[in-house]
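Structure, as structure tokens:
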Amino acid sequence: MRMNLPNVLTLLRVAVIPVVLGLFYLPYPYARQVAFCLYAAACVTDWIDGYLARKWGQTSKFGAFLDPVADKLLVAVSLVMIMEARPGGILAVLVAIIIGREITISALREWMAELGQRTSVAVGWVGKLKTVFQMVAIGCMLWEIPLLGIPIYDVGFVLLFAAAALTVWSMLLYLRAAWPFMKEDHPVQ
């Protein structure tokens, strides 16, 4: 495995997760806002590392594996922290939908790859839109305190509803694309 800037950025995204976690629970003023800043930087590197890898011809098997893992870890850990800090039934349902979808689609992609059909469940525009809503929602909820009179946490909560709806929609699209391969009469390669 050769190390390049896109892979280093992905590794940094993984490395920042425990730092965000620690800051989130520190009882110091603005610790959550610092956690938000690190989270936001990690979200930005999600786009930068893929862009640079493609532009510079530095795509790698390691990067293709680690990039989605880093994203899912960052999202899952952040959602669990937020839910633990402000437990509630509706939030728990939204978190379960989002994390459940990530597990389901990861398994589906792995299974489709075994069938040689990985491109049938490639990321589409609904999945990308879901990611944007999800990242912004989580960021707002990490920030928590009002900003310029705007109830940032509440904005994030509403955006999390939108992210959950897009999550279900994108999952249904992926499952529909994979459905023909799930039928018993479909030949296995």
- Determine, yes or no, whether residue 98 is loosely packed, with under 12 Cβ neighbours inside 10 Å and in a helix (DSSP H, G or I). no
- Item | Some residue of region 108-128 being within 13 Å of the chain's Cα centre (by Cα) and modelled with pLDDT of 85 or more | yes
- Note on the structure: How many residues of region 130-181 are in contact (Cβ under 8 Å) with a residue 40 or more places away in the chain and among the aliphatic types (A, V, I, L, M)? The answer is 15
- Query: Within region 51-61, can one find any residue that is without any contact (Cβ under 8 Å) to a residue 12 or more places away in the chain, assigned to a helix (DSSP H, G or I) and hydroxyl-bearing (Ser, Thr, Tyr)?
  - Reply: yes
- Message: Please verify whether residue 41 is of a type outside the set (Lys, Arg) and closer than 19 Å to residue 127 by Cβ, treating the condition exactly as stated.
- Response: no
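In region 134-154, how many residues are under 18 Å from residue 39 (Cβ atoms) and open to solvent by 60 Å² or more (accessible area, probe 1.4 Å)? If you could, list the steps in order and put the result at the bottom.
Narrowing region 134-154 to residues under 18 Å from residue 39 (Cβ atoms): 134-145, 147, 152-153.
Narrowing the set further to residues that are open to solvent by 60 Å² or more (accessible area, probe 1.4 Å) leaves 136, 145, 147.
So the count comes out to 3.
The values are calculated or read from the model by the stated rules, or taken from the named source; none is laboratory data. Every value quoted in this text rests on a predicted model; they were computed, and no experiment measured them. Backbone-built Cβ (ideal geometry, glycine too); neighbour counts: all protein chains shown. What goes into the accessible areas is simple: the full protein's heavy atoms, side chains included, and nothing from ligands, DNA or RNA. Shrake-Rupley method; radii C 1.70, N 1.55, O 1.52, S 1.80 Å.
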